[in-house]
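J.: This is the structure I want to talk about, given as structure tokens.
The values are calculated or read from the model by the stated rules, or taken from the named source; none is laboratory data. Please read these numbers as outputs of a predicted model, since none were measured by experiment. Cβ placement follows ideal geometry from the backbone for every residue including glycine, while neighbour counts extend to all protein chains displayed. All accessible areas refer to the heavy atoms of the entire protein, side chains included, with ligands and DNA or RNA removed. Shrake-Rupley method; radii C 1.70, N 1.55, O 1.52, S 1.80 Å.
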Amino acid sequence: MPHDPYHPPAKKFKPGSAFFRPDKHKPGMLLPKKGSGPAPIEVQRKRLPIYQAKPQLLNQLRQLPSAILIGETGSGKTTQIPQYLYEAGIGRQGVIAVTQPRRVAAISLAGRVAEEKRTPLGKLVGYTVRFEDVTSSETKLKFMTDGMLLREAIGDPLMLRYTVVVLDEAHERTMHTDVLFGVVKTAQRRRRELNKVPLKVIVMSATMDVDLFAEYFNKSPVLYLEGRQHPIQIYYTKQPQSDYLQAALVTIFQIHQEAPASHDILVFMTGQEEIEALARTCRDISKHLPDSCGPMVVIALYASLPPAQQLRVFQPAPKGCRKVILSTNIAETSVTISGIKYVIDTGMVKSKRFNPDSGLEILAVQRVSKAQAWQRAGRAGREDSGLCYRLYTEDEFDKLIPMTVPEIQRCNLASVILHLMALGIPDVMNFDFMSKPLPEAIHSAVVQLELLGALEKKEQQVILTALGKKMANFPLEPRYAKAILLSPDFSCSEEVLGIVSLLSVDTVLYNPPARRDEVLAVRRKFTSSEGDHMTLLNIYRAFKKVSGNKEWCRENFVNSRNMGLVKAVQAQLREICLKLNMKLESCGSDTASVRRCLAHGMFVNAAELQPDGTYIALDSHQSVAIHPSSVLFQAKPAYVVFNELLHTSRCYMRDLCLVDAEWLVDAAPEYFSRKLRHSKS
Ligand code: CDP
Ligand code: MG
């Protein structure tokens, strides 16, 4: 358990008050001078903390079948270890895979390593993420999302093309990483039993809590990298803050007024919308400050940002200008940013939470764990001593949970269970999970998959149906795979493929808040009274009609890059359909067929209008509301299906589609006869 690694004397401050007076600035301290340009890449590599340890590391890694490697973020684990192994000839018979929880991380790391090796991306160094494969037969160092490696395992459970699998960012404990632990461990053991080329497993973590990993991988040794950690002064607020955004804003400008311009600020927040909003406010305020304050560049960082824009966080600010980065938890570990002197931690994170009774997964803003809070604070001490302002009291900190609960214990497991069944793992309940999911959660996922027709019970055993096998072919959530597979029955495959593709990329809608009225006016021509899915489809159809014309995208506030991706995703999904011999037709203007088909896939996420004008989710009987971003916000449809629930001030349904009650009953007669009766009583 990482507790208080820096032994900081806790101090208290009050945003916006005189108590908060950092007085430690000595201008021109050890920070790299801005504007002097980065050192050559070979020099940078040799300066990394990991470089000192290279000989011992290689010595150990060569011998060990499995190892756990701990090193602070930025010490060089991800970029260097694969290269060290390759250069030392370890695992040369096959490919070295490095998994990442995030797609953007896989892409940017592959880019960085290719640059370090001075080869074009896709040759020696490549990456594979969902719907995008930049590798070739020459690729030896392959960065990939954990989800992709898991998919590959369906066709190749022994993972024979790989000689080394590096499970990176293991501390994040994403659902895919957790399942991969089990799959990789099994492959390693089976290969040993079958006398195949051994599979080396390296688990890498940025936090110290690795006992569980070591235990799980047959008591593997833990290798520690000497990090660069400078002392960090921690400040707590004197009082609990009711509005963490306001507190963050005040704190940013206090620092800005007092600290030298070369000291950059990193603020941890929860999501794109609030980050963009605060970024705007900061830019506005900084324009109106007296000249003595100096200019400020405000940069947003979140996972769905296009990679080119994400790279902006790495560029030093112009001389005399302060860089303020507003980031989600992505900057906790997976992205290293230099020049950070101040961290402001709101103590909040947006993450998924699951109710096994209802089977519903909710995205909600919640408090971080202590481990996360320390990880965030640590960002301030990379290059020199730093300061971390926690926008909560020390008491509140003491009450945080020690560790983040692994995703597998707080998410809907339908995808995972379907996946494990497709991997041929017979007894999912007893799969060798590092942290066991709740039995109720497994049960609830099995029930959902049964409702979708993917699983059935036969002689006390749960087995994959023919439909379930087909569903597992799609790199999609089971409900979307089901909708696609049923679409030929409604003669609307083209439309459903389009909609699912639209839902599989980051939003195609561009919503600059400053031009809100214009956006609303332009959107109106696409808006469908049948809901958000149909509205998106209208936009996509119009986009295709003008062959993706950039000018058209600009005028209609459509993100042309993401739209381009939608086309690529659709092409790949279509290929899977063709392999399954599906007949792909378009229903033209018969949009009811499309909604009917969606209802058959998404019926578990259905809601019903109540006499008092509110909605309840039929599955959980929870009160829900239509999110203001939905085209149905002002409407009162009797029945809808929705993509997800977002919990802020209340529980909102996002992305809705109007459906008929009969269709729901048609999709799952027995289930709805229970649910609907219940709701009327
Ligand atoms: O994995 P770990 O956090 O230990 O470090 P890394 O990702 O290997 O990064 C080591 C260093 O490489 C970082 O501190 C950056 O200076 C540099 N790097 C970069 O410039 N661009 C990237 N996309 C990734 C890393
Ligand atoms: Mg890393």
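J.: Compare the Cα positions of Y162, P231, A187 along the charge dipole of the chain (+1 at Cβ of Lys, Arg; -1 at Cβ of Asp, Glu; about the Cα centre) and return the one farthest towards the positive end.
T.: Looking along the dipole axis, the top candidate is P231.
J.: Moving to a separate point now. What nm distance separates the two modelled labels at E132 and D211, each placed 7 Å from Cα along Cα→Cβ?
T.: Output for this residue pair reads 4.0 nm.
J.: May I ask you to derive the FRET efficiency for L580 and K636 from their Cβ-Cβ distance with R0 = 60 Å, giving the value to the nearest 0.05?
T.: Step by step, r from the Cβ atoms, then E = 0.95.
J.: Something else about it: Cross-link partners among lysines for K675, C-alpha distance below 27 Å, same-chain residues fewer than 8 apart left out?
T.: Within the straight-line limit of under 27 Å, K675 reaches these lysines: K352, K457, K458, K482, K636.
J.: For the stretch 412-464, calculate the relative contact order in percent as a whole number, restricting contacts to Cα pairs under 8 Å that are 6 or more residues apart.
T.: Worked out over the stretch 412-464, it gives 40 percent.
J.: Could you name the aspartates and glutamates whose alpha carbon sits less than 18 Å from that of K319, not counting residues in the same chain fewer than 8 places away?
T.: Result set, ordered by chain and number: E258, D264, D291.
J.: Could you report the accessible area of D489 in Å², rounded to 10, computed with a 1.4 Å probe on the protein chains as they sit in the structure?
T.: The value for D489 is about 120 Å².
J.: From the helices alone, meaning DSSP H stretches of at least four residues, give me the mean residue ellipticity at 222 nm for the chain, per-run term -39500 (n - 2.57), in deg cm²/dmol to the nearest 500.
T.: It lands at -11500 deg cm²/dmol.
J.: Just report the Cα centroid separation between the stretch 221-267 and the stretch 600-665, whole Å.
T.: If we compute the Cα centre of each part, the gap is 40 Å.
J.: Can you bin the chain into rounded, prolate or oblate? Criterion: square roots of the alpha carbon gyration tensor eigenvalues sorted a ≥ b ≥ c, rounded for a/c under 1.5, prolate for a/b above b/c, oblate for the rest. Write down the numbers at each step before the final one.
T.: On the way: a/c = 1.62, a/b = 1.21, b/c = 1.34.
It is oblate, given that a/c is not under 1.5 and a/b is not larger than b/c.
J.: Residues of the stretch 478-675: accessible area per residue at 1.4 Å, in Å²?
T.: Values: 8740 Å² over 198 residues.
Per-residue value: 44 Å².
J.: Okay, next question. Can you list, by residue number, the Cys in the chain that have no neighbouring cysteine C-beta under 4.7 Å?
T.: So, C282, C293, C321, C388, C411, C553, C577, C597, C651, C657.
J.: Next question, about the same structure. Along the positive direction of the dipole of the chain (beta-carbon charges: Lys, Arg +1; Asp, Glu -1; about the Cα centre), which of G381, P65, Q246 reaches farthest?
T.: G381
J.: Between A521 and Q239, what is 0.36 nm times their sequence separation minus the Cα-Cα distance? Round to one decimal in nm.
T.: Here the segment from A521 to Q239 would lengthen by 97.1 nm.
J.: Between Q52 and K196, what length in nm is gained on full extension when 0.36 nm per residue of separation is reduced by their alpha carbon distance?
T.: Going from the current span to full extension adds 48.5 nm.
J.: If you average the alpha carbon positions of the stretch 305-341 and of the stretch 553-576, how far apart do those two centres end up, in angstrom?
T.: Answer, in whole Å: 28.
J.: Longest exposed-loop-site-free stretch of the chain, with GluC sites (Glu not before Pro), DSSP loop and at most 16 other Cβ within 10 Å?
T.: Numbers: sites that count: E138, E226, E459, E585.
With GluC sites (Glu not before Pro) excluded where exposed in loops, the chain gives 227-458 as its longest stretch.
J.: Enumerate the aspartates and glutamates that K46 could reach by cross-link, defined here as Cα to Cα under 14 Å, with residues fewer than 8 away along the same chain left out.
T.: Correct list for K46: E116.
J.: Looking at the chain only, what percent of DSSP beta bridges run antiparallel? Nearest 5 please. Intermediate results must be reported in sequence, preceding the final value.
T.: Details: 32 of 90 bridges.
The answer is about 35 percent antiparallel.
J.: Another question about this same structure. Keeping every protein chain present and rolling a 1.4 Å probe, give me the accessible area per residue for the stretch 49-225 in Å².
T.: Roughly 38 Å² per residue, with all protein chains present.
J.: How big is the gap, in Å, between the Cα center of the stretch 452-467 and the Cα center of the stretch 392-448?
T.: Each part reduced to its Cα centre gives a spacing of 21 Å.
J.: Using the structure shown, select from K238/K341; K77/K140; K350/K544 the pairs with a Cα to Cα distance greater than 28 angstrom.
T.: Values: K238/K341 22 Å; K77/K140 17 Å; K350/K544 34 Å.
The pairs that break the limit, which is 28 Å between Cα atoms, are K350/K544.
J.: Leaving out ligands, DNA and RNA but keeping every protein chain, what accessible area does R92 have, in Å² rounded to the nearest 10, with a 1.4 Å probe?
T.: Roughly 110 Å² of R92 is accessible to a 1.4 Å probe.
J.: Can you give the charge dipole size of the chain about its Cα centre, rounded to the nearest 20 debye, using +1 on the beta carbon of Lys and Arg and -1 on the beta carbon of Asp and Glu? If you can, show how the numbers build up before the last one.
T.: Numbers: 87 positive and 70 negative charges, 392 e Å.
Using only the charged Cβ atoms, the result is roughly 1880 debye.
J.: Right, here's the next one. What does the charge dipole of the stretch 49-225 about its Cα centre add up to, to the nearest 20 debye, if the Cβ of each Lys and Arg holds +1 and the Cβ of each Asp and Glu holds -1?
T.: I would put it at about 580 debye.
J.: What part of the accessible area of the chain, given as a whole %, is carbon or sulfur when the probe is 1.4 angstrom?
T.: The computed percentage sits at 52.
J.: What whole-number value in Å² describes the accessible area per residue of the stretch 327-412 for a 1.4 Å probe?
T.: Solvent-accessible surface per residue comes out at 30 Å².
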